[in-house]
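Engineer: I have a structure I would like to understand better, so I am pasting it below and will then ask my questions one at a time.
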Amino acid sequence: MIRTELVKMLRRPRTWVSLLLLCGLPGIVAAFLGVTKIAPPAGQGPAFLSAVLSNGTLYPAAALAMVLPLFLPVSVAVVGGDAVAGEANSGMLRYLLLRPVGRTRLLVAKLAALVAFVLLAVVAVTLSSYAIGIAVFGAKPASAVTGASLVTSMSGTGLTTHQVLLRLACAMLYVGVSMLGVGAIALFLSTLTDSALGAALGALAALVTSQILVSLDAAAAVHPYLPTRYWLAWIDFFRAPVLWHDIERGLALQAVYVAVFLAAAWANFATRDITS
C-alpha cells in the first residue's frame, strides 16, 4: 500500500510541477543577482541573500529562506489536502475501502507519501540551489593559513565548507519537520471534506492566521504555541556556537502538532461514513 501511494505520488504531474516551481524561484533570483551583482543590504530580504555574491555555498540556505514562508507550505498543503479528499471526490476512496484494506493502513500509506513529498521537496530545493549557487557565484577561495574555505557565520565567526554543509543538512531536516506540521493539519482537514481544495485552503488559512498573530504584540501570550512561530529557527544552525533554544522549542512544537492532528485524522477517518 505504501509503495502504491509513493508510485502514485511520483506519477502525478502536480508533484513535478510543484518541485519545478520550488526550484525555479531560487533559480530566477540567482539569475538576477548574477547579472546585476546587486544583493539586498544585510538584514533585508531573505536570510543569507546578502552574502551569496561572495560565496555560493550559502545559496541553499538563502533558497530555503525564500521558499519557506509561502511556496513550500502551499505545496505541502495541496498534497496533504488531496490525500483523502481527492480520493473521496473522485470516488476512488470508496472503491479502495471495499477492498480488504484497513483504514489505518490506508491512512499510514497516505502519510508516508506526504512525508516522502516533503523530503523530496526540501532536498530538491537544497541540491538545485547549491548547484546554482556554485555555478553562478562560485565558492570562497580556501584560506592560505588553514587550507579550508571559511564562511562567515551569523555570529561573525568563520565556518569551514564542511561545517556549512553539515549545518545545512540539519536545516533541511528542521524545515522538513516544520512542513510535516503543515501536512498533518492538511491531512486532518482532508478527512473532514470531499474537497481537496477546501482542505488545502483550510490549512493555509490556519498558517496565515498564525503568521498574523506572530507579528501581533497583542497576541504575545499565544506566540509560543503558534505553528509558524519557530519556522525560521533553523537559521540558528548557522551561528557559532549553535543556539539550540528556539530549535528545540520548534521541534517540540511541531511534534505536538503532528501528533495531535494525525490522531484527529485517524479518529475521524476510522469512523467516517464513506458515501462518495
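The values are calculated or read from the model by the stated rules, or taken from the named source; none is laboratory data. These numbers come from a predicted model, not from an experiment. Every residue, glycine among them, receives a Cβ derived from its backbone with ideal geometry; neighbour counts consider all protein chains shown. These area figures cover heavy atoms from the full protein model, side chains too; ligands, DNA and RNA do not enter into them. Shrake-Rupley method; radii C 1.70, N 1.55, O 1.52, S 1.80 Å.
Results for (1) under 14 Å from V177 (Cβ atoms); (2) in a helix (DSSP H, G or I); (3) at pLDDT 95 or above, shown as yes or no for each residue.
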position: D194; (1), (2), (3): no, no, no
position: L204; (1), (2), (3): no, yes, yes
position: L232; (1), (2), (3): yes, yes, no
position: V256; (1), (2), (3): yes, yes, yes
position: A259; (1), (2), (3): yes, yes, yes
position: F269; (1), (2), (3): no, yes, no
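Engineer: To continue, here is another question. Filter the range 236-252 down to residues that are assigned to a helix (DSSP H, G or I), farther than 10 Å from Y174 by Cβ and in contact (Cβ under 8 Å) with a residue 40 or more places away in the chain, then give me how many there are.
Structural biologist: 1
Engineer: May I pose another question? Considering each residue of the range 1-45, count those that are touching a helix residue (DSSP H, G or I) at 6+ places or on another chain (Cβ under 8 Å) and either buried (at least 19 other Cβ atoms within 10 Å of the Cβ) or among the aliphatic types (A, V, I, L, M) (or both), and give that number.
Structural biologist: 19
Engineer: Provide a single number: the residues in the range 204-239 that are open to solvent by 30 Å² or more (accessible area, probe 1.4 Å), in contact with a Ser or Thr (Cβ under 7 Å, 6 or more places away or on another chain) and over 15 Å from L70 (Cβ atoms).
Structural biologist: Number satisfying all stated conditions: 1.
The rows are residues; the columns are (1) outside any helix (DSSP H, G or I); (2) touching a residue at least 12 places away in the same chain (Cβ under 8 Å).
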position	(1), (2)
T4	no, yes
L25	no, yes
G34	no, yes
P40	yes, no
A47	yes, yes
S54	yes, yes
T57	no, yes
A62	no, yes
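Results for (1) closer than 23 Å to A205 by Cα; (2) acidic (D, E); (3) at pLDDT 90 or above; (4) touching a Phe, Trp or Tyr at 6+ places or on another chain (Cβ under 7 Å), shown as yes or no for each residue.
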residue	(1), (2), (3), (4)
K37	no, no, no, no
F48	no, no, no, no
V52	no, no, no, yes
Y59	no, no, yes, yes
V101	no, no, no, no
T104	no, no, no, yes
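Engineer: Considering only residues of the range 240-255 that are open to solvent by 50 Å² or more (accessible area, probe 1.4 Å), within 25 Å of F48 (Cβ to Cβ) and among the hydrophobic types (A, V, I, L, M, F, W, C), which is nearest to the chain's Cα centre (by Cα)?
Structural biologist: L251
Engineer: Looking only at residues in the range 74-85 that are out of contact with any Phe, Trp or Tyr (no Cβ under 9 Å at 6 or more places or on another chain) and open to solvent by less than 20 Å² (accessible area, probe 1.4 Å), which one is modelled with the highest pLDDT?
Structural biologist: Step by step, filter the range 74-85, then rank; the result is A77.
Engineer: Within the range 139-174, restricting attention to residues that are modelled with pLDDT of 85 or more and small (G, A, S), which residue is farthest from I38 (Cα to Cα)?
Structural biologist: If we take residues in the range 139-174 being modelled with pLDDT of 85 or more and small (G, A, S), then A169 is farthest from I38 (Cα to Cα).
Engineer: I need a count of the residues in the range 217-230 that are touching a residue at least 24 places away in the same chain (Cβ under 8 Å) and not in a helix (DSSP H, G or I).
Structural biologist: Residues meeting the conditions: 3.
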